Amino acid sequence: EGMFALNFHEKQEEKIEKALKTHKGICENYAAVFNDICNKAGLQSYIVVGYTRQKGFTSFIPHGWCAVKIDGKWKLFDPTWGSGYINGQKFTPHINNEYFEAEPATLVKTHMPFDPIWQLSTYPLTNKDFADDKTAVDKSRPALAFADSIAAYMKLTEIEQLEAEARRLEKNGMTNSILLDRLHNLRSRIEVDHQNELINKQNKVGETFNEAVTEYNDGINLLNDFIDYRNKQFQPARTDAQIQGMVDAVDKKIVGAQAKLKKIKGQYDKIDPMISSLEKSMSSVEKSLGEQKDFLTEYFGKNKLGRKMMFRKYTINGIPLN
């Protein structure tokens, strides 16, 4: 039922499960199962997507096959074409080893990958070459270090891989509707991925801002606890280290909140005004916190009597002495 269109959005796991349950599938199912077997066997494998040409006719539907790295070298496999043949309307299972570890120079006569690096050729064909059945190696054209290109490609993120393929596909010539469809599909996926990336980034900025707000509020509560404890003249009694720890806990929360705001500032314009507002509030808190720190510095420097006197106000003719 799905032989006339590859489903680029269906997950590989779904393609595998469908094939194993129904015993039916098209090239993408063959490739997905074969690719999974290779990976489970410890072989690096990649599903190549492109189109084919048979008996002088270029197919108008995409096709999928596999590239597998064996003993440090990439090899090509088409488990679909190697599985049998159609006679009339009947499929006959028959292993054809010509399509397992196929020679790149041979397979490219019938299989053209959308991304030219998967031709595994130092002198890759253009799409026009393929359409014109000019598949002989032409060493007059610029050489391609395809193994290095593939190694670099494998290190890219998914969206970077899509962008790299789209660039190479377009550069290799847009000679038919299949190529145009593939390029449109790639660009659509790139746009969606960019949008999702932006949304995820904005969500992360929002989450970090909320974490900063929570940390700031925790700091405010701890500062109020300290001020309340100071108003009670540090009763019930605590050690100097415990009292200092109360202020240090406030400081840690405020510094933590500031670090989070610094990390996200300028990344999302809708949150920047809120960041500025919170930073202003933090400046006020820092001032109050500084006053408490100064009080403790003086407090810890006095003897027992001196400390008690810091909680009392003495005046002469209405003028404060302390």
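The values are calculated or read from the model by the stated rules, or taken from the named source; none is laboratory data. Owing to the predicted nature of the structure, the values given are computational and were not obtained by experimental measurement. Please note: Cβ atoms are built from the backbone with ideal geometry, for glycine as well, and neighbour counts cover all protein chains shown. Note: accessible area is taken over every heavy atom of the protein model, side chains too, but ligands, DNA and RNA are not part of it. Shrake-Rupley method; radii C 1.70, N 1.55, O 1.52, S 1.80 Å.
Obtain the nm distance between the two label points defined at GLU191 and THR175 by a simple spin-label model: each point lies 7 Å from its Cα along the Cα-to-C-beta direction.
2.8
Using the Cα centre of the range 165-322 as origin and beta-carbon charges of +1 (Lys, Arg) and -1 (Asp, Glu), tell me which of ASN176, GLN267, PHE295 is placed farthest towards the positive end of the dipole.
Checked the options; the winner is PHE295.
Just GLY50, GLY88, GLY301 to compare: in a GNM of the chain, with alpha carbon springs under 10 Å, which one fluctuates most?
GLY88
How big is the range 158-275 in terms of Cα radius of gyration and Dmax, in angstroms?
Cα only, the range 158-275: 26.0, 86 Å (Rg, Dmax).
How long are the three semi-axes of the equivalent ellipsoid for the range 207-308, computed from the Cα gyration tensor as the root of 5 times each eigenvalue, in whole Å, largest first?
Values: eigenvalues 212, 26, 20 Å².
Each semi-axis is the square root of five times an eigenvalue, giving 33, 11, 10 Å.
Report, to the nearest 10°, how far helix 240-264 tilts away from the longest principal axis of the Cα atoms in the chain, using its own Cα long axis and a range of 0 to 90°.
Around 40 degrees separate the two axes.
Roughly what percent of Cα-Cα pairs across the range 88-143 reach past 19 Å?
Details: 565 of 1540 pairs.
Tail of the P(r) past 19 Å holds 37 percent of the pairs.
With every atom except the alpha carbons ignored, what do you get for Rg and Dmax of the chain, in angstroms?
Both quantities, over Cα of the chain: 34.6, 117 Å.
Taking a 28 Å limit on the Cα-Cα distance, which of the listed pairs LYS204/LYS252; LYS15/LYS139; LYS15/LYS75; LYS171/LYS263 fall beyond it?
On the way: LYS204/LYS252 22 Å; LYS15/LYS139 40 Å; LYS15/LYS75 23 Å; LYS171/LYS263 39 Å.
Result: LYS15/LYS139; LYS171/LYS263 exceed 28 Å.
Roughly how compact is the range 1-95, stated as its Cα Rg over 2.2 N^0.38 Å to two decimals? Don't jump to the answer; show the numbers that get you there.
Numbers: Rg = 13.7 Å, N = 95, 2.2 N^0.38 = 12.4 Å.
This ratio for the range 1-95 stands at 1.10.
Taking the alpha carbon gyration tensor of the range 69-119, what are the square roots of 5 times its eigenvalues, largest first, to the nearest whole Å? Intermediate values should be presented prior to the final figure.
Working: eigenvalues 114, 36, 13 Å².
Semi-axis lengths for the range 69-119 are 24, 13, 8 Å.
Going by average Cβ neighbours within 10 Å, how do the peptides 185-198, 23-36 rank, with the highest at the top? Mind dumping the intermediate values first?
Values: 185-198: 13.8, 23-36: 20.3.
In decreasing order of mean packing, 185-198, 23-36 become 23-36, 185-198.
Could you let me know the centre-to-centre spacing of the range 124-192 and the range 41-88, using Cα atoms, in angstrom?
Value for the Cα centre distance between the two parts: 16 Å.
Could I have the simple spin-label model distance between THR58 and GLU10, label points 7 Å from Cα toward Cβ, reported in nm to one decimal?
Using points 7 Å along Cα→Cβ, the separation is 2.6 nm.
Expected output is a single nm value to one decimal: the length gained when fully extending between LYS293 and VAL213, i.e. 0.36 nm times separation in residues minus the C-alpha distance. What is it?
26.5 nm
Starting from one equal scatterer on each C-alpha and no solvent at all, send me the Debye-based log10 I(q)/I(0) for the range 125-211 at q = 0.24 Å⁻¹, two decimals.
Taking Cα atoms of the range 125-211 as identical point scatterers yields -1.20.
If you roll a 1.4 Å probe over the range 193-322 with all protein chains in place, what percent of the accessible area is carbon or sulfur?
Working: 4360 of 8650 Å².
Result for the range 193-322: 50 percent of the exposed heavy-atom area is carbon or sulfur.
Give me the net charge of ASP240's neighbourhood, meaning all other residues with Cβ under 14 Å from the Cβ of ASP240; Lys, Arg count +1, Asp, Glu -1.
Details: positive: ARG230, ARG238, LYS293, LYS302, LYS304, ARG307; negative: ASP248, GLU298.
Spelling it out: positives minus negatives among the neighbours equals +4.
In square angstrom, what is the accessible area per residue of the chain with a 1.4 angstrom probe?
Details: 19780 Å² over 322 residues.
I get 61 Å² per residue for this part.
With only Lys, Arg, Asp and Glu charged, each at its Cβ (+1 for the first two, -1 for the last two), find how big the charge dipole of the chain is about the Cα centre; round to the nearest 20 debye.
That gives the chain a dipole magnitude of about 1120 debye.
So what is Rg over Rh here for the range 45-158, counting just Cα atoms and using Kirkwood for Rh? Kindly include the intermediate steps, with their values, before the conclusion.
Details: Rg = 14.7 Å, Rh = 15.0 Å.
Value, to two decimals: 0.98.
Gaussian network model of the chain, Cα springs within a sub-10 Å range: biggest mean-square fluctuation belongs to which of PHE100, PHE300, PHE114?
Its mean-square fluctuation being the largest, the pick is PHE300.
Only four residue types carry charge here, +1 at the Cβ of Lys and Arg and -1 at the Cβ of Asp and Glu. Report the dipole size of the range 171-291 about the Cα centre in Debye, rounded to the nearest 20. Please report the intermediate quantities before stating the final value.
Details: 18 positive and 18 negative charges, 85 e Å.
Charge dipole of the range 171-291: 400 debye, to the nearest 20.
For the range 182-238, build the charge dipole from Cβ charges (+1 Lys, Arg; -1 Asp, Glu) around the Cα centre, then report which of ASN203, SER188, ASN224 sits farthest towards its positive end.
SER188
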